[in-house]
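The values are calculated or read from the model by the stated rules, or taken from the named source; none is laboratory data. Model, not experiment: these values are computed from the prediction. For neighbour counting, all protein chains shown are included, and Cβ atoms are generated from backbone atoms with ideal geometry for every residue, glycine included. Keep in mind that these areas ignore ligands, DNA and RNA; they rest on the heavy atoms of the full protein, side chains included. Shrake-Rupley method; radii C 1.70, N 1.55, O 1.52, S 1.80 Å.
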Amino acid sequence: RGRIRIPDGRTGRRIKRFADIDRVVHWFTAILFVFLGLTGLTLLFGRFVMLPLMGPEAFSVIASAAKEGHNLFGPLFLISIVMLFVRFAAKNLFARGDIKWLVKGGGIVGKGHVSAGYFNAGEKIWFWLVMLLGITVSISGLVLVFPVFGQGREIMQLALIIHGIAAVVFIAGSFGHIY
């Protein structure tokens, strides 16, 4: 649709939508997510992509640092997901108007503005996906980082598969959120 004009023009007033603590929690989570995504992708695909480009000596240093950083900061991501839940869950409960918002494609399809409340249905869906995928990668990651919980090889293998799939889906979905 392109730019949607404001009928009476801009007023010059600015409204603070998010409290400072909400911004801190969001960016704390986002920075951890980007770091964990990059280090995780390095561990997942580095052998095939980076090793041929830089050689075994350089890649071994990068892969070792990625593994240590991923394992060190991974548990903090679980804390950040819990903080996101505490700050935003109440505002992300689904309401009757969300179906109408989805049907109208957020206002792209048809005429008229669709009231969405504090967060629109797309933002609510993303929030609950972040909760689901965040808990999934966090729990599976803890199983992988702390093998002293008594889990066997089969549980570790399952956790590795779940962790990898959930993380790749999470990273792909994040591009939509960022866009």
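Restricting to region 69-78, name every residue that is surrounded by 13 or more Cβ atoms within 10 Å (Cβ to Cβ) and more than 14 Å from LEU132 (Cα to Cα).
Scanning region 69-78 gives GLY69, HIS70, ASN71, PHE73, GLY74, PRO75, LEU76.
GLN151 meets each of the listed conditions (1) part of a helix (DSSP H, G or I); (2) under 27 Å from ALA66 (Cβ atoms) apart from (1). Checking each residue in region 97-106 for being free of Cβ contacts under 8 Å to residues at least 12 places away in the same chain and closer than 21 Å to ILE6 by Cβ picks out LYS104, GLY105.
Number of residues in region 1-27 that are in contact (Cβ under 8 Å) with a residue 40 or more places away in the chain and open to solvent by less than 100 Å² (accessible area, probe 1.4 Å) equals 4.
Give me the pairs, please: first residue somewhere in region 53-64 and within 12 Å of THR42 (Cβ to Cβ), second residue anywhere and among the acidic types (Asp, Glu) and modelled with pLDDT under 95, beta-carbon distance under 7 Å, and either six or more positions apart or on two chains. Final answer for the pair search is none.
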